[in-house]
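> Have a look at this one.
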Ligand code: AMP
Ligand code: MG
């Protein structure tokens, strides 16, 4: 008996030593990198990639993100700024290859969203001063100027593409991909990581992200920011390959004489969309999730369901101005409210 105990104890000691050894020889499975880009904090998380390989991959992702940010910057010299000045001529010109695919995809998304997502309203964004970060202090723009830009009615469908040539029918077309380029860029970096054989990763830009695989033996857990107040309102688990994007009125705004004016503009009125404080969308493609979150924000509590259906989106959570949470049933199954504090919920029919 005593002999058996000794063997057992020796066995335990060996197991402990082996566990310690393996902890020392196996590096942390999570590799992270944070940097500022696209007006926010970008975080790369890789799971299960050997550290020196992870460094190379993260260097490349960081470089790609900076390149895309420079290319798609509408308000400083860039490929997109050149496209914008040439669209204004209404003549044919050679389009930058780095800008063309964004136009192609956002033409589809604008149409599906009834033009509530409309990257052609760059002139309105600039008139509101949201081309500056932070926006210069001062009152909202003159109502007549807003009405004029709404009447000009620039649309993505005004742009015609023919091979490497492009033109716009409408001299008022100015592209601002602020609602879309972050998602599009995240897709590029995730596609790159997948091509390089990475199976488990997140690219997160200020809370908007695409996640692939899992965090070891559990899914990735994603917090959704509380649109009014600190911290998160809820969390969801994601795994496989999914993007989580949120558009909120708290991201960029100014207050003038007690009224809050934020950066998500309703193209029908030319004013910040009313009725919504945040919209979260879960979808596979990040670019489409990004565009949809913006479109559903503009659509608001009464119309989000119709637009989500038209855009082929299956998971939506919209927080309205009174704090009521609107969701489709599939989203409701995935959402966990923080601290068990369940707000008033309105469920839509299935999407
Ligand atoms: P997001 O945070 O993704 O909803 O994007 C908001 C940004 O997209 C704004 O800062 C503007 O640059 C731009 N934007 C504002 N309103 C619209 C809209 N209705 N359609 C497309 N882009 C918009
Ligand atoms: Mg967006």
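> Taking the alpha-carbon set of region 238-351, what are its Rg and Dmax in Å?
Computed over the Cα atoms of region 238-351, radius of gyration and Dmax are 14.0, 47 Å.
> Could you list the residues of region 227-271 with an amide nitrogen less than 13 Å from a label point located 7 Å from the Cα of residue 303 in the Cα-to-C-beta direction?
265-271
> Mind giving me the nanometre distance, one decimal, between the label points for residue 228 and residue 52, set 7 Å out from Cα along Cα→Cβ?
According to this spin-label approximation, the distance is 5.5 nm.
> Which log10 I(q)/I(0) values, to two decimals, does region 169-215 give at q = 0.30 Å⁻¹ under the Debye formula with one point per Cα?
-1.11
> Calculate the tail of P(r) for the chain: the fraction of all Cα-Cα distances greater than 27 Å, expressed in %.
Considering the chain, 51 percent of its Cα-Cα pairs are separated by more than 27 Å.
> Taking R0 as 30 Å, what FRET efficiency do you get between residue 171 and residue 136 from their Cβ-Cβ distance, rounded to the nearest 0.05?
Efficiency for this residue pair is about 0.70.
> I would also like to ask the following. On the principal axes of its Cα set, how long, how wide and how thick is region 72-116? Give whole Å, largest value first.
Extents along the principal axes: 30, 22, 18 Å.
> Beyond 13 Å, what percent of the Cα pairs of region 270-312 remain?
On the way: 439 of 903 pairs.
I get 49 percent for the Cα pairs in region 270-312 exceeding 13 Å.
> Among 215, 326, which comes first, second and so on when ranked by fewest other beta-carbon atoms within 10 Å?
Neighbour counts put them in this order, fewest first: 215, 326.
> If you average the C-alpha positions of region 282-351 and of region 219-246 separately, how far apart do those two centres end up, in angstrom?
Cα centroid to Cα centroid, the span is 13 Å.
> Which ordering of 247, 278 is given by a fewest-first count of other beta-carbon atoms within 10 Å? Could you put the intermediate results ahead of the total?
On the way: 247 28, 278 23.
Ranking 247, 278 by Cβ neighbours within 10 Å, fewest first, gives 278, 247.
> Return the Rg/Rh value of region 177-285, two decimal places, where both radii are evaluated on C-alpha atoms and Rh is the Kirkwood radius. Intermediate values should be presented prior to the final figure.
Numbers: Rg = 16.1 Å, Rh = 15.4 Å.
A ratio of 1.04.
> Then there's this: Over the Cα atoms of region 115-233, what Rg and Dmax result, in angstrom?
So, for region 115-233, Rg and Dmax equal 19.5, 58 Å respectively.
> Next up: What percent do you get for the relative contact order of region 272-339 when only Cα pairs under 8 Å and 6+ apart count? Provide the component values of the computation, followed by the final result.
Details: 96 pairs, mean separation 22.4, N = 68.
Averaging sequence separation for qualifying contacts and normalising by length gives 33 percent for region 272-339.
> Normalised by the number of residues in the chain, what is the relative contact order in percent for Cα pairs under 8 Å and 6+ residues apart? If you can, show how the numbers build up before the last one.
Working: 649 pairs, mean separation 51.5, N = 351.
Relative contact order comes out at 15 percent.
> In nm, to one decimal, how far is the residue 145 label point from the residue 90 one, both placed 7 Å along Cα→Cβ?
It works out to 2.3 nm between the two label points.
> What FRET efficiency comes out for residue 256 versus residue 199 if R0 is 51 angstrom and r is the Cβ-Cβ distance? Round to the nearest 0.05.
E(calc), rounded to 0.05, equals 0.55.
> Considering only 40, 276, 189, give the residue with the highest GNM mean-square fluctuation for the chain, with springs between Cα atoms whenever their separation is below 10 Å.
Ranking 40, 276, 189 by mean-square fluctuation puts 40 first.
> Another question, if that's okay. Select from 274, 105, 214 the residue whose mean-square fluctuation is largest in a Gaussian network model of the chain (Cα-Cα springs shorter than 10 Å).
Highest fluctuation of the listed residues: 105.
> Give me the angle, in degrees from 0 to 90, between the Cα long axis of helix 143-152 and the longest principal axis of the Cα atoms of the chain, rounded to the nearest 10.
So the helix axis and the longest Cα principal axis differ by about 90 degrees.
> Output the relative contact order of region 203-351, whole-number percent, from Cα pairs under 8 angstrom with separation of 6+ residues. Could you put the intermediate results ahead of the total?
Details: 309 pairs, mean separation 28.6, N = 149.
This gives 19 percent for region 203-351.
Every number here is computed from the coordinates shown, using simple stated rules; none is lab data. These figures come from a predicted structure and were not determined experimentally. Positions of Cβ are generated from backbone atoms using ideal geometry, with glycine treated the same way; all protein chains shown enter the neighbour counts.
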